[in-house]
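Q: Pasting in a structure now, in structure tokens, and then I'll have a few things to ask.
What follows is calculated from the coordinates using simple rules that are stated; it is not laboratory data. In this text, all values refer to a predicted model and were calculated from it rather than measured experimentally. Counting neighbours? That spans all protein chains shown, and the Cβs are built from the backbone with ideal geometry, glycine included.
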Amino acid sequence: MLGKPLDLMLELAPRTRFDVVELRSRFAAEHRALTAFPRCLYWSSHTTAGFLDRSLAARLSPERIQTYVDAFRTVFPEGAGYEHDQLDRRDDLDPAQRAVEPKNADSHLAFIACGLRPCVTHPNRPDEPVCFVDLDGVVEGRPRRRLARVIGFRSERIVGSTRIEVPVSSHPIDSVNLKDPRLGIYDAMSDFVQQAGVEKGRLRIDLDPVERHSALTVNEFETLLMRYDLAEVLHNPLRYVAEKYRHAMANPRAVPAKTLGYAKYDFVRVLNQGLDTLGLRGSMVEKLVARTLAVPAARFFRMRRSVSLLVSERPDGSHGIVEGTYQSPILVQWRQPPRPTRLIDVTLTELR
């Protein structure tokens, strides 16, 4: 009889604030133990470190992944006046937390915008790299403790599915925390998993095909980050890269052009590198990107229409949805829908 899926914990020590770690080579012994399994699920417990969707990652080497993510890091420079980084305004922090909390709104926004995920699956092929992308791995010279899991499995079967209506506001640009206890959505998903009795699996959340101008992500639902910083990005994708050059306005003789011009140049320069990396130079994609400076951020950010949550054993020994300390599934919209709710389809699969 074939054995159960093999679940291994990986601990990483980042080398720099932005770090791309190829897990197969870094954890060669662990992957040798997974040789008997044709597929692997990778999971990150963090909101500023995760994985690119395999459909994109398969087209990139680890070096090219760095170039791709750099385009989004340029849009969100460190220390560009984010509300989330105003720690004295953070009601979620006590004095002890406020003293050590990193100012990392840029990392959260880049994670969301470039489509990083906490949970992905890959074929278990030695020649196919799997990269852990860390956007906030070193704080004040100290590496943060990063945890990931890899689960080797042979097959995945659908156990069941359900449809859930998510109430949304009348504001065109908004985000909804699916873990908000007032909505009861996360409780319903947890009950769905518990009733199925799945020990190892994943819970996939998809926007219904009829839904437009919306996306899903998993991140920290902190009020200033979601209600202010992310909303600003959806209004104006160059808001924060322009803020980086605000000193030019204070000393116009020091530079030959205005602040926004520099911001656009910096963004386009790095974005062009990304297009070259993806082999898209001169394509219709490049022509579309050339127009993005005049359209909302949603046109070119790679926010996804689906996310997956890990179902497995939790630290307390129980089984259910596994989540990092600050992880929440979040629905983002940038245009008001015709109805007061949006539909999501939730599918539970079992890893075997």
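Q: Take the range 1-36 and flag every residue that is closer than 15 Å to I65 by Cβ, among the hydrophobic types (A, V, I, L, M, F, W, C) and out of contact with any Pro (no Cβ under 7 Å at 6 or more places or on another chain).
A: F18, V21, L23
Q: Assess whether L93 counts as being surrounded by fewer than 17 Cβ atoms within 10 Å (Cβ to Cβ) and either farther than 21 Å from F301 by Cβ or in contact with a strand residue (DSSP E or B) (Cβ under 7 Å, 6 or more places away or on another chain) (or both).
A: Yes.
Q: Keeping to the range 163-181, report how many residues are among the β-branched types (V, I, T) and assigned to a loop (DSSP other than H, G, I, E, B).
A: 2
Q: Restricting attention to the range 18-37, does a residue exist that is closer than 29 Å to I151 by Cα, of a type in the set (D, E, K, R) and surrounded by 17 or more Cβ atoms within 10 Å (Cβ to Cβ)?
A: yes
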